[in-house]
Amino acid sequence: MSYDYRVIVGGLMLLIGLGLFTRTILGRLRVLQAAKPETRWDLVGARVKKLLTVGVGQSKMFKEPASGLLHAFTFWGFCILGIRTTQLFVQAFAPGFEVCAAFQEPYDFLKDITEFVVLVAILGFVWRRLVVKPARIAYSGEALLILSFIGGLMVTDFLYDGAHFASLNQLDRLAMAPIGGMVGKAFAGSGLSPTALHCIAETNYLIHLAIVLTFLNLLPLSKHFHVITSLPNVFLSKLEPKGALSFVPDIEKALEEEKPLGLSKVEDLSWKQVLDLFTCTECGRCEVNCPAWNTDKPLNPKMIILDLRDHVYAEQKAGRIGAPVAVSGEGELPALIGQVNVDAIWSCTTCRSCSEQCPVMIEHVDKILDIRRHLVMTRNEYSKEIGLTLKNIENKSNPWGMASGKRGDWAKGLDIPTLEDKPDAEYLYYVGCAGSFDDRAKEITLATIKILRHAGVSFAILGKKEKCTGDSARRIGNEYLFQEMAKSNIEQWQEGGVKKIITTCPHCFNTIANEYPQLGGNFEVVHHSVLFPRLIAEGKIQLKDGEAQRIIFHDSCYMGRHNDVYDEPRAALRAIPGAEIVEIERSQKLGMCCGAGGSRMFMEEKIGTRINDLRVEQLMEQKPQVIASSCPFCMTMLSDGVGAKDLRDSVKTKDIAELIADRLVEKPAAPQAVQADA
Ligand code: SF4
Ligand code: SF4
């Protein structure tokens, strides 16, 4: 049998296939090269771990076990079959070449089984797309084409092996390959001549190589680019605290020089943000888990990524990447922002549900917030209510515009020491704007004080000297205002010798713990939902019997997905005698936002249905008597939702601090060393 033609045909195919592929990839690399720098090469050990769990281990895929299994088998199959593909290409020039010559029989077995499993997985995918049709998966001819390519690769390899060894009368060579062996026996018993079998084998060989090269060239031109980019994207994913937004250095200077800030054009994207765009698999997991999308807002996190990606591709095609950027006219949005719906940008609650679900670690929130930064700091384009919130934060140091001098009024007559009174206090209890001004949140503050006193915690407050953390300003996009406020707080706290801070607001917690270090503020911060179970475990909080209560806990996004605090609040609730804790499917990592994050707390929800109403509906599935939370914003949204649904008689909304404070064993009041005028 002659294989001489392979050198010419195989060589030509390789030359053309790899040449075209290299050209496309170099184009994509040029886009990455033109993007802004970003450091993602640090902490290699942690990155390797992430690569092994999320990338190789496909951990995020198993959140949906059926499709996760199909995808994992296909991915692992590709890894194993890469050896076979290499072998087939080399055989164009060296027909007898075997990559695994020393382990031929075990590899034959592994390859054969893998090809069979991948084929079954591909049929499973086709079934899901055409018959099951999950809501998050849109019909895609491209996806079906790629699936048929992968299936074709498996089938042509079985046919090649079977016909090849049958033509050589060497079926014993397939002894360890059950499927290939069966195909070989079928060919051997077909009565075809060795020459005909050779022709069948060689045709399948060439079709196999052609599919590999066509597939390879389609990858960077389609959503299947993720086959190439997902492992690097996972390896290079964000390792900083998830809740920390990116820091803008030298912002004062940039504003003075009137430099455009935030994200408005392709060149504003960092190379990692571009890699994110290249990597989207269009799986729709982010879309179906987005509270905004689920309540008919114009925000679809998948489409944000795809719109930005399409714009990058269009700019690349037009040769504009790396070229000087045209300044857009008055009132006209720059092309990149024009690509996405601005209402979508303001609909985001920054809940991170999208990124949490994304199997390839795409970060959505940073891009949305970067566009907000551009709208707010460069273009001054935002609604009146956002303008008012920013003005209130700037002038009154709280988003509601309450008189800053009244900040400590809630503590009047309660003998709570301020930091000036008690400079050696172990903790600063940072109460926050809601806890200081909002009537419902003030009840949570008082419950917290009661528990801290009961447990003998040494603490002090700032009283009227307390200022807003700047979290809301940052989430709106006013990075400058945030940095100014953060610097002022850090200076005040460092001067006061503060080392440890207690918060009752997850937004304050996240900002102080995860974002203040960007400005040199390093404090040990603990949220009350973490401190209380610790104090209970240490025996410092003692709880008495009371009525049985069926409680459901609503995870705040900023303690849950942003800071991975899920078990602690549940442990605190379980410690309450008579408490029965129930769960729904959408809890913990899958929990849905109340609608207040990302400064949505200060924006009217005018589009679609209300997120808090939907959240209350979900929580009521388990018919709880109490909806517990650990965030003053969640409390407002859930209480409003319960009211809107006329459920006030059947369910109470309580902070975990209130539930614990209600059950404290009475202790003789400890004398207060300091009489404070907060
Ligand atoms: S952060 Fe939340 S609201 Fe914003 S896009 Fe993601 S899922 Fe939707
Ligand atoms: S961003 Fe992630 S979760 Fe959303 S569609 Fe793309 S790959 Fe899927």
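Nothing in this text is a laboratory measurement; each read-out follows from the coordinates by a stated rule. Every value quoted in this text rests on a predicted model; they were computed, and no experiment measured them. Using ideal geometry, Cβ is built from the backbone for each residue, glycine included, and neighbour counts are taken over all protein chains shown.
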Beta bridges per DSSP with both ends in the chain, % antiparallel, nearest 5: 5 percent
Segment 536-584 versus segment 440-459: alpha-carbon centroid distance in Å: 17 Å
For each of E38, E538, E115, count neighbouring Cβ atoms within 10 Å of the residue's Cβ, then give the residues from fewest to most. E538, E38, E115
What list of ³J(HN,Hα) couplings, whole Hz, do you get for segment 255-272 from phi and the Karplus terms 6.51, -1.76, 1.60, once you set θ to phi - 60° and write x for glycine and proline? 5, 4, 7, 6, 6, x, 10, x, 10, 9, 8, 4, 5, 7, 6, 7, 4, 6
Mean separation of Cα contacts under 8 Å (6+ apart) over length of segment 549-661, as relative contact order %: 33 percent
Against the longest alpha carbon principal axis of the chain, how many degrees, from 0 to 90 and to the nearest 10, is the axis of helix 384-396 turned? 50 degrees
Counting helices only, and only those DSSP H runs with n ≥ 4, report the 222 nm mean residue ellipticity of the chain as the sum of -39,500 (n - 2.57) divided by its residues, in deg cm²/dmol to the nearest 500. -15000 deg cm²/dmol
Going Cα to Cα from K499, which aspartates and glutamates come in below 13 Å? Please leave out same-chain ones fewer than 8 positions away. D424, E426, E491, E524
To the nearest 10 degrees, how steeply does helix 301-317 sit against the main Cα axis of the chain, on a 0 to 90 scale? 60 degrees
Long-range HN-HN contacts of H527 with modeled amide H, under 5 Å: T503
Environment charge at F523 (Cβ cut-off 11 Å; Lys +1, Arg +1, Asp -1, Glu -1): +1
Let me spell out the model: positive unit charges on the Cβ of Lys and Arg, negative unit charges on the Cβ of Asp and Glu, origin at the Cα centre of the chain. What dipole size does that give, in debye rounded to 20? 340 debye
Scalar couplings 3J(HN,Hα) for segment 12-24 by Karplus 6.51 cos²θ - 1.76 cosθ + 1.60 (θ = phi - 60°), nearest whole Hz, x for Gly and Pro, are 5, 4, 4, 4, 5, x, 6, x, 5, 4, 4, 4, 5
Along the charge dipole of segment 108-248, Cβ charges K/R +1 and D/E -1, which of V183, F109, L119 sits furthest on the positive end? L119
Exposure proxy check: K185, K442 ranked by fewest other beta carbons within 10 Å? K185, K442
Whole-angstrom gap from segment 252-276 to segment 478-511, using each part's C-alpha centre: 26 Å
Starting at the first residue of segment 355-363, write each ³J(HN,Hα) from the Karplus equation 6.51 cos²θ - 1.76 cosθ + 1.60 with θ = phi - 60°, in whole Hz, x for Gly and Pro. 5, 4, 7, 5, x, 10, 6, 6, 9
Between L543 and residues 5 or more places away or on another chain, which pairs have amide H atoms under 5 Å apart, with H built 1.01 Å from N, and which residues are they? V665
Would you work out the relative contact order for segment 5-235, in percent, from Cα pairs under 8 angstrom that are 6 or more residues apart? 26 percent
In degrees between 0 and 90, to the nearest 10, how far off the longest principal axis of the chain does helix 194-218 point, with axes built from Cα atoms? 30 degrees
Pairs beyond 24 Å (Cα-Cα), from K367/K645; K367/K442; K111/K185; K272/K467; K412/K442; K391/K606: K367/K645; K367/K442; K272/K467
Once the dipole of the chain is set up with Lys and Arg at +1 and Asp and Glu at -1 on Cβ about the Cα centre, which of S67, A201, F532 lies farthest towards its positive end? A201
Checking segment 1-44 for chymotrypsin sites (Phe, Trp or Tyr not before Pro) in a loop per DSSP with at most 14 other beta-carbon atoms within 10 Å yields W41
Compactness of segment 251-381 as Cα Rg over 2.2 N^0.38 Å, two decimals: 1.05
Relative contact order as a percentage, segment 385-537, C-alpha pairs under 8 Å and 6+ apart, gives 24 percent
Within the under-14-Å Cβ sphere about Y139, not counting Y139, Lys/Arg +1 and Asp/Glu -1 give a net charge of +3
From the residues I304, I251, L481, which one has its Cα farthest along the dipole of the chain in the positive direction, the dipole being from +1 and -1 charges on Cβ of Lys/Arg and Asp/Glu about the Cα centre? I304
Under a 5 Å amide H to amide H cut-off, with H placed in plane at 1.01 Å, what residues pair with D415 once short-range neighbours are removed? A676
Quick note on D112, D250, D421, ordering by fewest other C-beta atoms within 10 Å, gives D250, D421, D112
